Each structure stands twice: as C-alpha cells, then as structure tokens.
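Asks: I have a structure here, written as structure tokens, and I will follow up with some questions on it.
The values are calculated or read from the model by the stated rules, or taken from the named source; none is laboratory data. From a predicted model like this one, the values you see are computed outputs, not experimental measurements. Reconstructed Cβ throughout: ideal geometry from the backbone, glycine too, with neighbour counts over all protein chains shown. SASA here: full protein model, heavy atoms, side chains in, ligands and nucleic acids out. Shrake-Rupley method; radii C 1.70, N 1.55, O 1.52, S 1.80 Å.
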Amino acid sequence: MLSSPTRVPIAWIILAHVLGAAAIGALDAGKLGSAQLAMVLVPLFAATGVVVGLLIAGTERLAAGRAWWASALLRGAPSLIVLGPVASTLFDGAYAQTLPLARLLPFAVPLVGWGLVSLAIAGGKRFVGGADLTTRAIVILGCAGAIGAITWVERHLLATGYPGAHVGATIVLVVIAGIAVRAVAAPAASPYLAAAVAAAALGTAAAASLDGLADANQRRVLATYGDQGRDLVRLVRQFVDRDHDGSSPLLGGGDCDDGDPDRHPGAADPPGDGIDQDCDGVDASPPPPPAAPPKPVDLASWRASAPVQQVLERTHGMNVVLLTVDALRFDVLAPDAADRAEFPELVKLLDDSVWFTHAIAPASGTDVSLGTLLTGRFDPYQAIDTTLPEAMQALGRRTYSALPVEVTRYVGEVLPARGVDRAKPVHTDWGTDDIGDHVSAPATTIEGIRALDDAGERPSFLWLHYFDVHEHHQIDVPRALLKGVHEEASRKRHGYRALLLAIDHEVGRVRAELARRNLADKTIIVFASDHGESLGEDPRLLETHGKVAYHALVRIPFAVHVPGVAGGRRSDPVSIVDIAPTLLSLLGAPQAITPIDGLDLVPAILDAPVALRRTSRALVSHEELQWSVVEWPYQLLVRPAENFVELYDLDKDPGEHEDLAARLPEVVTRLRARYAEVPVVHVDRTPEGRRLREQQARPPQHRAPP
C-alpha cells in the first residue's frame with residue numbers, strides 16, 4: 001500500500017522548527033538571567049532549527065508517495081545523526097565495557113533506535129490523520145511530556161556525565177519543540193518568509209559565533225549553570241575545532257591558532273621561547289626564582305647527624321601499612337572542622353602522625369591519582385620500570401593489597417598488581433555490577449588481617465584501600481552509622497560522614513591488630529586520600545568528582561606515622577607523588593625507583609630546618625575539563641574548552657567564591673609558567689584510553705613475570 005502523495009509544507013516545517021528551537025534558547029537564557037547570553041543562545045538555537053527543519057522537510061519530501069514502511073524508515077533516518085554519535089560515547093564507561101556484547105552496542109543501539117523512531121512515526125502519521133483540534137492537543141501534550149521526560153533524564157540519570165548524550169538530548173528537544181509548533185497549526189507559509197527567517201537565523205548565529213561569549217564571566221555562567229545552551233555551544237565549538245585540541249576559535253573559545261594543536265588556551269606555555277602557546281597574548285615570562293633547593297652538602301650533613309641516623313636505622317627494617325580512603329575530603333578532618341571528634345580513630349592517627357595540611361592530589365579522579373602513587377611520577381601513563389610494590393619486593397618485603405574491584409576497573413588491573421604477592425579484590429557491589437550496595441570497609445580490614453597472618457614475622461608492605469565514602473550516593477547507609485554522626489542539613493553529606501564513621505572503626509581495628517601482634521612500633525603507616533568529593537554544595541564541582549579540579553576535589557588528608565617520631569602538622573606543599581620516595585628513603589633505599597618525580601619528605605617529617613625543605617612548590621592537578629596549579633595559598637584553575645581562568649586564595653577563601661584573576665594578573669602569569677614545569681597528563685577515560693594504559697603499564701620485558 002502506498003501513502004498518499006501529498007504536498008510537503010517545507011516552508012512551515014522550517015519555520016516551526018526555528019520557532020521551537022529559538023524558544024528553547026530563550027528559556028535557557030531566561031533561566032540564566034542574562035540578556036547577553038540570550039543574544040548568543042537564541043540565534044544558535046534558531047540556526048539549529050533551520051538545519052533540523054531542512055533535514056526533516058527533505059526526508060518528508062523523499063518519503064512522500066512511498067509504501068508506509070519505506071516512508072517511515074526514511075522519515076526516521078535522520079535519528080541516526082543523533083543516535084550514532086551518542087551511542088559511540090554512551091558505552092565508554094568502565095562498567096559499560098563489562099556488559100554483554102559491549103563492543104556491538106555502539107552499532108546496535110542506533111539501529112534499534114532508528115527502528116523504534118520509524119515505528120513511532122508510522123503510528124503517529126496514522127493517529128494524526130484528520131488533524132482535528134483534539135488530536136492536535138494530544139500531540140502538543142505528548143510533546144510537552146516528552147520534553148519534560150528528556151529534561152528529567154538529563155538532570156537525574158545523565159547528571160554531569162555523558163556529554164555526548166546531553167548534546168543528543170538537546171538536538172532531540174529541538175526536534176520535539178518543532179513538532180509541537182507544527183501541531184498548533186498548519187498554515188500555508190510563504191517560502192519567501194521561510195527563506196528570510198532562515199537567512200536571519202543563520203546570519204545572526206554566524207555573528208554570535210564570531211563575537212559572542214567574549215566575556216569570561218558569561219562563559220563561566222554558561223558552563224556552570226547552563227543546560228541545553230551549554231551543550232549546543234560545546235557542539236558548535238567541537239564542530240569547528242579544526243586541529244582537535246579541545247579549543248575553538250569561535251564562541252569565546254580563544255584558540256589563537258586553529259591549525260596548531262600545541263597552541264590553545266589550556267596549553268603549557270614554556271617561558272622565554274618566543275611562542276604564545278596558551279593564547280593569552282604574550283609569551284610567558286619566567287617566574288621569580290623559587291627558594292633555592294637545599295644544598296646537597298647541607299642536606300647530606302643533616303642526614304648524617306646522629307639524631308637523624310638513629311631514626312633511619314630504626315625505620316630501615318620496618319613494615320609499611322598504606323591506608324588510602326577513596327574520595328575523602330580534607331575539610332571533614334581538618335584541624336578546625338566541626339565535629340571532627342566523631343571520627344576518633346582517624347583523628348588519633350592524624351595526631352600521632354606528621355600531618356601535611358597542604359596536600360594536593362594530582363587529579364580529582366582515582367585513575368591518575370593512584371597511578372601517581374604507585375609510580376612516583378607526575379605522569380603515570382608512561383613506561384614504568386619499577387613500581388612502589390616492586391621496590392618493596394626487592395627490599396625483601398612480602399607485599400599485599402586489598403582493592404575494590406571498581407577501582408581496578410578504572411585504574412586498570414596491570415599497574416596495581418605489579419609487585420604484589422597477594423592481591424585480594426574487595427566487592428562493593430553484590431547486587432549490580434559497579435553499583436555500591438553495602439558497607440565494604442570490614443571486608444577490606446579482614447583481608448588486611450589475613451595478610452598480617454600470612455606475613456608472620458617477615459617484613460611486609462600492606463595496602464588497604466577503603467571505598468565506602470566514594471559510594472555515599474549509592475549505598476543505603478545503615479541506621480546505626482547515621483545515628484553515629486550528627487544529622488546534617490544535606491542528606492548527601494550526612495550519609496558521607498556516616499560511611500566515614502565505618503572506615504574510622506576499621507582503621508581503629510587495623511591499628512589495634514598491629515598493637516596486638518607487637519607490630520605497632522615496627523610499622524610505618526601512611527594515610528592518604530586519592531582525591532576529594534563533591535557533596536552537592538556547589539554546581540561547579542559537578543555530581544561527585546572527576547572532570548574538574550576545584551579545591552574541594554583535590555585537597556586531601558595526608559599523614560605519615562613513624563614510630564618514635566612525634567606527631568605534628570607541617571605546611572610544606574606535598575602530593576601523593578611523594579609517597580614512594582619518602583617510604584623508600586625511610587627504608588634505606590632512596591634509589592630503588594629511578595627516575596622519580598616526587599620529593600623525599602623525610603626532612604619535613606623529622607622537622608629539619610626550613611632551609612633544607614621544599615616549602616615553596618607548585619603542585620599541578622590534571623583533569624578532563626580543567627587543570628590546576630596550587631602555589632600556596634593561590635590556586636589557578638584553567639578550563640581550556642570554555643577559555644576561562646580562575647584564581648583563588650585558599651587561606652582566605654577555601655570555598656573559592658572570590659575570583660582574583662582580574663585583580664592579580666601577575667599571579668596568573670606566574671602560575672601559568674609553573675604549569676609548564678611538569679609534564680602534561682592527558683586524561684583519557686575512553687575504552688581506547690584504558691586499553692592503551694593497560695599496555696603501557698606492563699612491566700619491562702626483561703622483568704616480565706614467567
């Protein structure tokens with residue numbers, strides 16, 4: 001059966017989609033309360049409506065007069081333009097890669113989606129039929145419901161992840177909005193009017209692309225609070241990013257050379273080379289020289305002194321327990337934190353240790369941070385000859401680890417396993433893979449006790465990674481734990497603290513077990529987090545962690561307990577890149593890993609004179625959307641794709657509310673130059689990126705296990 005060959009109202013289709021798309025742009029700009037953003041977003045959406053309208057009108061004309069099934073398939077074919085790119089990124093996650101047929105899903109989903117869309121179109125055509133007022137009202141209500149459902153999915157299911165799916169949802173909203181406008185009426189629109197409107201939309205969109213978003217504050221507002229407008233701007237920037245460096249010359253993207261991937265707003269700009277790599281208009285000037293590093297002869301003399309030698313002679317044969325807590329923020333245990341006494345075991349451990357209160361993680365994601373911990377390198381994604389556990393093995397220690405399975409999914413299985421005699425997985429997800437559904441801290445401790453049983457009298461290295469606070473948004477927190485901490489106004493923060501209480505109990509169990517075995521005086525304990533966490537207090541921090549590098553996400557607790565060394569607080573700037581060289585120095589083997597980027601913190605731990613310590617230091621954090629440099633007390637944050645820079649004083653403004661970048665340009669320039677001092681870490685969490693990391697993490701051939 002053939003469908004009736006009707007005349008396709010191309011002009012009205014185009015006009016309807018332009019009107020619908022422009023309305024979405026106006027609503028988003030209205031929510032942001034900015035007339036300047038409206039002048040950018042409305043034209044961009046209107047131009048998108050032109051493209052969508054032309055595409056739909058073209059398929060309508062091609063489909064006219066064909067069999068119903070062929071007509072429906074043709075009309076549904078444009079959905080592949082959205083479904084294809086969305087499906088190609090929707091299954092990038094480490095958990096998604098474990099699904100059955102994971103490699104086929106990026107191809108199967110678009111085909112299935114095309115079929116479903118085609119069936120919906122066929123049914124819709126038959127339903128609309130005579131197009132009476134009741135039918136039109138039903139269609140309009142259906143479109144409104146679909147828009148509401150898509151918006152809900154974006155906010156609650158996709159949240160701050162899946163950028164490709166967000167862009168796809170925005171295009172779908174433009175299509176549905178146009179359908180709703182078309183359902184209101186079906187006038188015989190003039191093709192000249194449609195052409196004029198389309199030309200105006202495209203012309204104003206071109207002007208907005210060239211001149212719009214020149215104000216960094218507009219870019220910040222859109223990137224932080226925008227919805228569909230933010231996604232459409234990102235799509236346009238990506239579309240015109242000719243050199244694929246993540247920055248665009250349009251819409252305030254700031255790329256000063258779109259033919260050179262080494263020149264863009266987020267690039268490292270080595271000072272004095274005569275090239276403006278970071279597109280700020282000038283070549284970076286060398287920063288003032290930092291405080292001179294300790295003279296080797298002075299440091300050697302200090303190390304050779306009797307008090308230091310007495311300590312190091314005792315530590316050379318000690319055991320090592322590395323306690324890491326995933327996603328633990330610094331401020332929860334900070335010296336001035338309210339109710340920190342609710343975590344007595346952790347507070348006692350910190351008070352018994354040398355606590356570095358200015359510790360910054362190398363990323364706000366576990367993969368980069370734990371990779372840095374294991375290698376002692378700023379860039380853990382390179383050929384590594386010796387890892388920290390391998391160095392411990394070479395020093396005659398029996399090595400153990402208890403890591404959550406979810407961690408190895410993201411960090412990789414090869415690097416954490418190198419040099420570990422007995423690696424025990426801890427399952428946090430009994431019911432559904434990758435979804436935390438119970439408190440796993442006791443299981444982690446049990447594996448630690450079993451390791452101590454196995455080691456017996458032999459020296460050992462034990463790494464326990466506690467994961468529960470990472471899962472605060474998934475675990476149904478037991479009531480007993482919730483009652484153990486004071487009730488917070490934020491349910492999310494309350495659950496987070498309650499789960500930290502569970503870890504507090506387990507850290508106490510570990511220390512009690514060491515004491516019971518008479519190992520407390522023979523064991524160095526390192527306590528640290530891999531990164532911080534968002535608890536919903538600031539939309540800039542996104543949903544949990546990763547992607548950006550604000551203070552709450554990268555400042556971490558970090559302490560070293562050395563038996564016989566008095567506890568205390570140090571303000572030396574440090575990172576978990578320093579764990580490996582510090583432990584190896586305490587064990588008498590500072591050259592066990594070479595090369596190594598971290599600093600030996602023994603002078604700080606033993607409270608050496610300030611002249612022998614690196615008290616002035618820039619610490620860099622890399623993330624997918626942002627990089628950061630902390631030179632205490634200042635933190636510089638750069639978002640290359642959005643081309644905006646922020647500067648905060650962490651002592652006076654730890655919440656990072658007062659941006660000082662415009663007032664202190666000399667500090668911005670200095671910290672940009674400091675960023676160029678360390679290697680750039682390319683954070684790639686796609687399946688291909690993980691595969692490459694696994695290959696890179698393999699031990700050298702001459703040391704490959706049999």
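Asks: Per residue, how many Å² of accessible area does the chain show with a 1.4 Å probe?
Replies: So the chain comes to 43 Å² accessible per residue, rounded to a whole number.
Asks: FRET efficiency for Gln36 and Arg242, Cβ-Cβ distance as r, R0 = 30 Å, nearest 0.05?
Replies: The value I calculate is 0.65.
Asks: Assuming 0.36 nm per residue, please report the length gained on full extension of the stretch Val347 to Glu688 beyond their Cα-Cα distance.
Replies: Values: separation 341, 0.36 × 341 = 122.76 nm, distance 4.15 nm.
Value of the extension gain: 118.6 nm.
Asks: Take the alpha carbon gyration tensor of segment 1-89, find the square roots of its eigenvalues, order them as a ≥ b ≥ c, and report rounded if a/c is under 1.5; if not, report prolate when a/b exceeds b/c, else oblate.
Replies: The shape class here is oblate.
Asks: Mind ranking 270-282, 350-362 by how tightly packed they are, going by the mean number of other C-beta atoms within 10 angstrom, highest first?
Replies: Result, highest mean first: 350-362, 270-282.
Asks: In whole Å and largest first, what semi-axes does the C-alpha gyration tensor of segment 462-599 yield when each eigenvalue is scaled by 5 and square-rooted?
Replies: On the way: eigenvalues 186, 96, 29 Å².
So the equivalent ellipsoid measures 31, 22, 12 Å along its semi-axes.
Asks: Label segment 641-706 by shape, choosing from rounded, prolate and oblate, from the square roots a ≥ b ≥ c of the eigenvalues of the Cα gyration tensor; if a/c is under 1.5 it is rounded, and otherwise prolate applies when a/b is larger than b/c, oblate when it is not.
Replies: The shape class here is prolate.
Asks: Quick one: net charge around Thr357, please, counting Lys, Arg +1 and Asp, Glu -1 for every other residue with C-beta under 10 Å from its C-beta.
Replies: Details: positive: Arg555, Arg569, Arg570; negative: Asp572.
Within the 10 Å Cβ shell, the charges total +2.
Asks: If we count every other residue with Cβ under 12 angstrom of Asp421's Cβ, Lys/Arg +1 and Asp/Glu -1, where does the sum land?
Replies: So the surrounding residues net to +4.
Asks: Multiply the residue gap between Ala144 and Arg458 by 0.36 nm, knock off their C-alpha separation, and tell me the result in nm, one decimal place. Don't skip to the answer; put the middle values down first.
Replies: Values: separation 314, 0.36 × 314 = 113.04 nm, distance 6.86 nm.
Here the answer is 106.2 nm.
Asks: Within segment 495-527, what residues put their amide N at less than 16 Å from the label point 7 Å along the Cα-to-Cβ vector of Lys483?
Replies: Those under the cut-off are 498-499, 502.
Asks: Kindly give the semi-axes, whole Å and largest first, of the ellipsoid equivalent to segment 375-512, taking each as the square root of 5 times a Cα gyration tensor eigenvalue.
Replies: On the way: eigenvalues 180, 67, 33 Å².
Working through the eigenvalues yields semi-axes of 30, 18, 13 Å.
Asks: I want to verify the translational diffusion coefficient of segment 391-432 in µm²/s; compute it with Stokes-Einstein, Rh as the Kirkwood radius over Cα pairs, at 20 °C and 1.002 mPa s.
Replies: So the translational diffusion coefficient is about 191 µm²/s.
Asks: Let me ask something additional. Compute the FRET efficiency between Asn217 and Lys652 as 1/(1 + (r/R0)^6), taking r as their Cβ-Cβ distance and R0 = 30 Å, and round to the nearest 0.05.
Replies: 0.90
Asks: Let me ask something else about it. What part of the accessible area of segment 191-296, given as a whole %, is carbon or sulfur when the probe is 1.4 angstrom?
Replies: Heavy-atom surface of segment 191-296 belonging to carbon and sulfur, 1.4 Å probe: 63 percent.
Asks: Just to confirm my understanding: which cysteines in the chain have no other cysteine beta carbon less than 4.7 Å from their beta carbon?
Replies: Cys143
Asks: Over the Cα atoms of segment 360-424, what radius of gyration and what Dmax do you get, in Å?
Replies: 11.6, 33
Asks: Under a plain spin-label model, where a point goes 7 Å from the Cα along Cα-to-Cβ, how far apart in nm are Arg516 and Gln310?
Replies: The two pseudo-label positions are separated by 3.4 nm.
Asks: Could you work out how far the C-alpha centroid of segment 610-670 sits from that of segment 6-83, in angstrom?
Replies: The distance from the Cα centre of segment 610-670 to that of segment 6-83 comes to 43 Å.
Asks: In whole Å, largest first, what are the principal axis extents of the Cα atoms in the chain?
Replies: If we take the Cα atoms of the chain, the spans are 96, 56, 54 Å.
Asks: So for the chain: antiparallel DSSP bridges make up what percent, rounded to the nearest 5?
Replies: Bridges in the chain are about 45 percent antiparallel.
Asks: Related question: Just to be sure I follow: if Rg is taken over the C-alpha atoms of segment 568-706 and Rh is the Kirkwood radius over the same atoms, what is Rg/Rh?
Replies: Across segment 568-706, the Cα-based Rg/Rh ratio is 1.04.
Asks: Provide the net charge surrounding Ala697, with neighbours chosen by a C-beta distance below 10 Å and charges set as Lys +1, Arg +1, Asp -1, Glu -1.
Replies: +1
Asks: Round to the nearest 0.05 the FRET efficiency obtained for Val414 and Ala566 when R0 = 41 Å and r is the Cβ-Cβ distance.
Replies: For R0 = 41 Å, the calculated efficiency reads 0.55.
Asks: Continuing with the same structure: Once segment 380-457 is represented by equal point scatterers at the alpha-carbon sites, with solvent omitted, what log10 I(q)/I(0) does the Debye formula produce at q = 0.11, 0.17 Å⁻¹?
Replies: Once normalised to I(0) and log-transformed, intensities are -0.34, -0.75.
Asks: Rounded to two decimals, what is the ratio between the C-alpha radius of gyration of segment 47-86 and 2.2 N^0.38 Å?
Replies: In units of the 2.2 N^0.38 Å rule of thumb, it is 1.22.
Asks: I would also like to ask the following. Given Cα pairs under 8 Å that are at least 6 residues apart, what percent is the relative contact order of the chain?
Replies: 16 percent
Asks: State, as an integer percentage, the relative contact order of segment 398-544 based on alpha-carbon contacts under 8 Å between residues 6 or more apart.
Replies: 21 percent
Asks: What does the C-alpha gyration tensor say about the overall shape of segment 567-644? Classify as rounded when a/c is under 1.5, otherwise prolate if a/b is larger than b/c, or oblate.
Replies: oblate
Asks: Okay, next question. Which number gives the lysine pairs in the chain that have C-alpha atoms under 30 Å apart and are eight or more places apart or on different chains?
Replies: Number of lysine pairs found: 14.
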